[in-house]
Amino acid sequence: MMLHKITNLTVRDVRFPTSLEQHGSDAMHTDPDYSVAYVVIDTDCGLRGFGITFTLGKGTEIVVCAVEALAGLVIGKSLEEIVSDFRGFYRLLTSDGQMRWLGPEKGVIHLATAAVLNGVWDLWARAEGKPLWKLLADMVRHGKCFIYIQDCAIVREMAHLLCVVLGSQADCEVH
């Protein structure tokens, strides 16, 4: 059981001064400072999850504020509660009535949600004692459905491809 209760969520603005020598610049982005909103999710048992979302410079300040605004929706939940209905948790983060207008499927809320969800995925993998790629591969192998991925590929095809890449043919049976 994953009864780890989330007790805190912090976010930091981390920037790399890539604009000083024009690293990563192009015609549209002449002074990019590659940056991340870096999320740390703490639990009551000491387990932590880490997530990031990529941004460029000053915009990170806005994403950090958005993550801080979402923190109240995360703190107090158990990991089990979240992962038992991950889709519902995603909708909780993107459907807040006062934040929704900032772009639940794009923009600042999308970036903030990505950082939080990446942290939760990492926390889940750590709780299971697995690297994240293994957690995901095992989920697909055992027939867990990623409803939002079904638009792109059939789950059985994804499971087969994962098995071919990660394991022997004997491991490629989808249960």
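The values are calculated or read from the model by the stated rules, or taken from the named source; none is laboratory data. Bear in mind that the values here come from a model prediction, so they are computed numbers and not experimental data. Using ideal geometry, Cβ is built from the backbone for each residue, glycine included, and neighbour counts are taken over all protein chains shown. Remember, those area values only see protein heavy atoms, side chains included, never the ligands or the DNA or RNA. Shrake-Rupley method; radii C 1.70, N 1.55, O 1.52, S 1.80 Å.
Looking only at the stretch 5-28, decide whether some residue is at pLDDT 85 or above, basic (Lys, Arg) and touching a Phe, Trp or Tyr at 6+ places or on another chain (Cβ under 7 Å).
Quick first cut of the stretch 5-28, residues at pLDDT 85 or above only: 5-15.
Filter again for basic (Lys, Arg), leaving 5, 12, 15.
Pick out the ones that are also touching a Phe, Trp or Tyr at 6+ places or on another chain (Cβ under 7 Å) and you get 12.
Taking every residue of the stretch 5-28 in turn, at least one turns out to be at pLDDT 85 or above, basic (Lys, Arg) and touching a Phe, Trp or Tyr at 6+ places or on another chain (Cβ under 7 Å).
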query: Mind checking which residues of the stretch 55-64 are open to solvent by 60 Å² or more (accessible area, probe 1.4 Å) and in contact (Cβ under 8 Å) with a residue 40 or more places away in the chain?
result: 61, 62
query: Can you pull out the residues in the stretch 104-124 that are in a helix (DSSP H, G or I) and without any contact (Cβ under 8 Å) to a residue 24 or more places away in the chain?
result: 107, 110
message: Looking only at residues that are farther than 10 Å from residue 5 by Cα and of a type in the set (Ser, Thr, Tyr) in the stretch 35-51, which one is most open to solvent (accessible area, probe 1.4 Å)?
response: 38
statement: When the stretch 89-118 is checked residue by residue, the ones that are aliphatic (A, V, I, L, M) and either more than 13 Å from the chain's Cα centre (by Cα) or farther than 22 Å from residue 56 by Cβ (or both) are 92, 93, 99, 102, 108
- request: Could you please find all residues in the stretch 67-82 being in contact (Cβ under 8 Å) with a residue 60 or more places away in the chain, surrounded by fewer than 18 Cβ atoms within 10 Å (Cβ to Cβ) and more than 25 Å from residue 13 (Cβ to Cβ)?
  value: 78, 80
message: Restricting to the stretch 125-144, and then to whatever is part of a loop (DSSP other than H, G, I, E, B) and modelled with pLDDT under 90, can you tell me which residue is least open to solvent (accessible area, probe 1.4 Å)?
response: 143
query: What residue, among those in the stretch 87-103 that are of a type outside the set (A, V, I, L, M, F, W, C) and in contact (Cβ under 8 Å) with a residue 12 or more places away in the chain, is least open to solvent (accessible area, probe 1.4 Å)?
result: 94
